[in-house]
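The values are calculated or read from the model by the stated rules, or taken from the named source; none is laboratory data. All values reported here derive from a predicted model rather than from experimental measurement. Every residue, glycine among them, receives a Cβ derived from its backbone with ideal geometry; neighbour counts consider all protein chains shown. Ligands, DNA and RNA are stripped out before the accessible areas are found, and what is left, the full protein with its side chains, is counted by its heavy atoms. Shrake-Rupley method; radii C 1.70, N 1.55, O 1.52, S 1.80 Å.
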Amino acid sequence: MTHQLDIEDMTLEDMRAALAPHIAANAVFDGWGDMARDDAARAIGLNPDHARLAFPEGKVQMIDAWIDQIDQQMIATCDNDQFRALGMTTGVI
């Protein structure tokens, strides 16, 4: 089942963030290219033409979006008192 996104409410940055994990999953089979991007768009209910607008620089921009998303997930996961108590977040978070 696909989830329909309201394209009119999404910025290009929103699209990149929504597409990034799906593109990465497809890249395992299709590489970091048009097919991975277009399949990711269809998977989340986004028109592939709109997905193309989100990544005008192609593969490198797709990979950057994925890395940015992983970084944000890591920060969110590590931003808690229990992790901070380990003393490993000084200067990081």
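Of everything in segment 46-71 that is within 21 Å of ASP9 (Cβ to Cβ) and free of Cβ contacts under 8 Å to residues at least 24 places away in the same chain, the residue that is least open to solvent (accessible area, probe 1.4 Å) is PRO48. Here ALA36 does not qualify as in contact with a helix residue (DSSP H, G or I) (Cβ under 6 Å, 6 or more places away or on another chain), free of Cβ contacts under 8 Å to residues at least 24 places away in the same chain and among the hydrophobic types (A, V, I, L, M, F, W, C). Scanning segment 6-24 for residues that are loosely packed, with under 14 Cβ neighbours inside 10 Å and either touching a strand residue (DSSP E or B) at 6+ places or on another chain (Cβ under 9 Å) or assigned to a loop (DSSP other than H, G, I, E, B) (or both) turns up ASP6, THR11. Put simply, of ALA27, ALA36, ALA43 the only residue that is surrounded by 21 or more Cβ atoms within 10 Å (Cβ to Cβ) and small (Gly, Ala, Ser) is ALA36.
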